[in-house]
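Remarks on the structure that follows.
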Amino acid sequence: MLKKKEFLITTVVAIICLVLIVIFPRDNVFQNFIVGISFFLIVPWLYIRIVLKESIADYGIQVGRVSSGVCWAIFSFVIFSLIILIASKYANFVNGYRLPQMIDGNFGLFVVYEVFLVGFFLFLYELFFHGWLLNFLKKYVNGSAVITQFAVFVIFLALIDNLNWTFFPYMVINLFGGWVVYRSHSIWYSFIFGWIAIILLDTLLLRVV
């Protein structure tokens, strides 16, 4: 009975966080930062510490299984590369993937974009979907938690009108990164895999397109 109550409350809190992110105004980068930090980081952390009374380490903020993390991260990067290659060759990925025009030809802005925007929001996604949601769900549905959190991520992107080619790489990263986290018990390997994948992808597209 206690586990059922915990599951229901956590589900409601997660839904509220996502709904608030969708409805809160995000007209500029600063507002995106504030909303992201508030509902992807602060609320889940407070909920874990105060309501669940659990350690943040139990939700992926730990070293975890190094060998599993490294191996699955490398495997995920290879699969990510193949999927992007296929999407580029047989679909409209290259034309549909959008990068800010201001970073084209400006190395300084490119670094700022990849570190402070891509890295920051990718880390927030890791904390919420792989850290909190996946690690909570796996206590109830085991490996199916990877698919469940992926479905939630896709629904979230649809709600914020970002279900497009620009966010397609993030969907791939979320799915395979979820498996990395499930096997390694740490979000760090998934985060590093995703960050490197996006940086290399953006670098390649800026040079080729």
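Only the coordinates and a few stated rules stand behind these numbers; no lab work does. Bear in mind that the values here come from a model prediction, so they are computed numbers and not experimental data. No Cβ is skipped: glycine too gets one built from the backbone with ideal geometry, and neighbour counts run over all protein chains shown.
Under 8 Å for C-alpha pairs, at least 6 residues apart: give me the relative contact order for region 62-208, rounded to a whole percent.
Once divided by the residue count of region 62-208, the mean separation gives 44 percent.
For the chain, what percent of Cα pairs sit more than 25 Å apart?
38
Over the Cα atoms of region 92-209, how large are the radius of gyration and the largest Cα-Cα distance (Dmax), in Å?
My reading of the Cα-based Rg and Dmax gives 14.9, 48 Å.
With everything on Cα atoms, drop me the angle between helix 168-184 and the longest principal axis of the chain, reported from 0 to 90° to the nearest 10.
The angle comes out near 40 degrees.
Counting Lys and Arg as +1 and Asp and Glu as -1, each charge on the Cβ, what is the dipole of the chain about the Cα centre in debye, to the nearest 20?
The calculation lands at about 620 debye.
What number of lysine-lysine pairs in the chain show an alpha-carbon separation below 28 angstrom, given a sequence spacing of 8 or more or placement on distinct chains?
Step by step, the pairs that qualify in the chain add up to 11.
Report the per residue volume, in Å³, of the convex hull enclosing the C-alpha atoms of region 109-153.
Taking only Cα atoms, region 109-153 has a hull volume of 58 Å³ per residue.
What whole number of Å gives the distance from the Cα centroid of region 158-209 to the Cα centroid of region 23-62?
For region 23-62 versus region 158-209, the Cα centre distance is 20 Å.
By how many degrees, 0 to 90 and rounded to 10, does the Cα axis of helix 66-90 deviate from the longest principal axis of the chain?
50
Loop-only trypsin sites (Lys or Arg not before Pro) in region 47-149, please: DSSP not H, G, I, E or B, and at most 14 other Cβ atoms within 10 Å.
Passing sites in region 47-149 are Lys53, Arg98.
Scattering from the C-alpha atoms of region 80-130 alone, worked out with Debye: what is log10 I(q)/I(0) at q = 0.12, 0.13, 0.15, 0.29 1/Å?
With one equal scatterer per Cα and no solvent, log10 I(q)/I(0) is -0.40, -0.47, -0.61, -0.93.
So, by mean Cβ neighbours within 10 angstrom, what's the order for 8-14, 68-74, 170-176 with the highest one leading?
Those peptides, ordered most packed to least, come out 170-176, 68-74, 8-14.
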